[in-house]
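Asker: Got a structure here, written out as structure tokens. Questions coming.
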Amino acid sequence: MSSADGFSADVARRAVGITYRQLDYWDKTGLVRPSVKQARGKGSRRVYGFEDLVELRVIAQLLGIGVSLATVRRAARYVRQHFADLIRPLARLTLVVQGKRILVRTTDGKALVDATSGGQVVISFSVAPIAEDLRGKVTELRSPREIKVRVGGRSFVAVLTPDLAAGGYSIEVPELPGVVTEADSLPEARRMTTDAIRLWLSVADSPVRRRAR
């Protein structure tokens, strides 16, 4: 996965398995902010990097096994201060949950550092499988898909290619060269494709085009 890949807020929350409300709240409170592009007022888009998605999934898993959001925040603050040489340390370090504590394995693998306080039962997991799972999910989200639309009694196949950074789809109809459009959602994609095909057919059937043939 290239470090230059970008993912819209909708793609990020679907890939990670969290709600848009959680994503928005974590951004606004500084827990995980998008590293590619931050929102700059109403109508602007957040764009997340792949390691942002890994951090989001790590946090979601910590919350899922019962760690409080306040504890996660303390741990995130600690690792960002004490592992400043790492970009997105929550996406790179091995974490051990011990009751109410989050321990962090040092980069040399020789010690665990207490990033919070308290604790009992130890649960350990590596970030690597999370990153690998997300790579598969992102590949799935990036894959083109086909839809069929019917115009003028004919059926056409449109190929929708997701734009993971901006959201929505770019659309082509291979059978009709030059029929290219964009849409933000599947229902809109069907409408935009239908309109584009109708326009193409009307031009193709025009007297000027017929004489040119």
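The values are calculated or read from the model by the stated rules, or taken from the named source; none is laboratory data. As the structure is a prediction and not an experimental result, all values here were calculated from the model. In this analysis, Cβ positions are derived from the backbone assuming ideal geometry, glycine residues included, and neighbour counts consider all displayed protein chains.
Asker: As an exercise: evaluate Asp163 against (1) at pLDDT below 95; (2) within 30 Å of Gly43 (Cα to Cα); (3) in contact with a Lys or Arg (Cβ under 9 Å, 6 or more places away or on another chain) and give the number of the one condition it does not meet.
Answerer: It is condition (3) that Asp163 fails.
Asker: Checking Ser117 against (1) assigned to a loop (DSSP other than H, G, I, E, B); (2) hydroxyl-bearing (Ser, Thr, Tyr); (3) modelled with pLDDT of 95 or more, which single condition isn't satisfied?
Answerer: (3)
Asker: Tally time: how many residues in the stretch 58-98 are closer than 16 Å to Val113 by Cβ, more than 23 Å from the chain's Cα centre (by Cα), surrounded by fewer than 20 Cβ atoms within 10 Å (Cβ to Cβ) and not charged (D, E, K, R)?
Answerer: So the count comes out to 7.
Asker: Determine, yes or no, whether Ala189 is within 29 Å of Leu53 (Cβ to Cβ) and part of a loop (DSSP other than H, G, I, E, B).
Answerer: Answer is no for this residue.
Asker: A follow-up question, please. Could we say that Gly136 is surrounded by 13 or more Cβ atoms within 10 Å (Cβ to Cβ), closer than 30 Å to Arg190 by Cβ and within 18 Å of the chain's Cα centre (by Cα) here?
Answerer: Criteria not met by Gly136.
Asker: Before we move on, is Gly136 within 30 Å of Arg45 (Cα to Cα), free of Cβ contacts under 8 Å to residues at least 40 places away in the same chain and part of a loop (DSSP other than H, G, I, E, B)?
Answerer: No; evaluated as a whole, the condition is false for this residue.
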